[in-house]
Amino acid sequence: MVGTSVALAHGAPWLVASLMGVVTGVFGGILRDVLCNEAPVVFGGTLYGSAAWLGALVLIALPELGVSHDASALAAGAVICTIRLLSIRFKWHLPIYSARR
């Protein structure tokens with residue numbers, strides 16, 4: 001959410017701002033796991049970047065509908081956490097490419 005907020009504050013278009021939020025969120029998770037000497041969770045298969053992107057879109061859309069930035073940030077955080085927890089619980093993941101033989 002911070003990456004999206006900073007990008008918006010600097011006048012970035014909504015798509016660029018949302019992708020900046022995804023990049024900062026995903027890279028932050030990778031950095032955390034590397035510093036803890038763990039395999040990055042990002043590569044584990046459950047939804048991670050997709051949850052971050054949906055949360056960034058919520059953070060961008062709600063202020064356009066008249067919701068305060070603080071309430072938008074809380075809603076975006078709730079969306080991200082909910083998607084992540086559900087994807088872990090129900091083993092949701094994006095389709096996996098398998099080459100034809």
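Data for the structure
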{"item": "Residues within region 1-33 that are surrounded by 15 or more Cβ atoms within 10 Å (Cβ to Cβ) and among the aromatic types (Phe, Trp, Tyr), tallied", "result": "1"}
{"item": "Residue that is nearest to ALA9 (Cα to Cα) [pool: residues in region 45-89 that are touching a strand residue (DSSP E or B) at 6+ places or on another chain (Cβ under 9 Å) and in a loop (DSSP other than H, G, I, E, B)]", "result": "LEU47"}
{"item": "Identity of the residue in region 52-76, in contact (Cβ under 8 Å) with a residue 12 or more places away in the chain and in contact with a His (Cβ under 9 Å, 6 or more places away or on another chain), that ends up farthest from VAL22 (Cα to Cα)", "result": "LEU62"}
{"item": "Matching residues in region 1-26 - criterion: being modelled with pLDDT of 95 or more and farther than 17 Å from ALA73 by Cα", "result": "HIS10, GLY11, ALA12, PRO13, LEU15, VAL16, VAL23"}
{"item": "Long-range neighbours under 9 Å by Cβ, at least six apart or interchain, first residue within 18 Å of MET1 (Cα to Cα) within region 77-98, second among the aromatic types (Phe, Trp, Tyr) and open to solvent by less than 100 Å² (accessible area, probe 1.4 Å)", "result": "ARG84/TYR48"}
{"item": "Tally of residues being small (Gly, Ala, Ser), modelled with pLDDT of 95 or more and open to solvent by 50 Å² or more (accessible area, probe 1.4 Å) across region 34-70", "result": "2"}
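The values are calculated or read from the model by the stated rules, or taken from the named source; none is laboratory data. Here the structure is a predicted model, which means the values were calculated and not measured. Methodologically, a virtual Cβ is constructed for each residue, glycine included, from the backbone with ideal geometry; neighbour enumeration extends over all protein chains shown. What goes into the accessible areas is simple: the full protein's heavy atoms, side chains included, and nothing from ligands, DNA or RNA. Shrake-Rupley method; radii C 1.70, N 1.55, O 1.52, S 1.80 Å.
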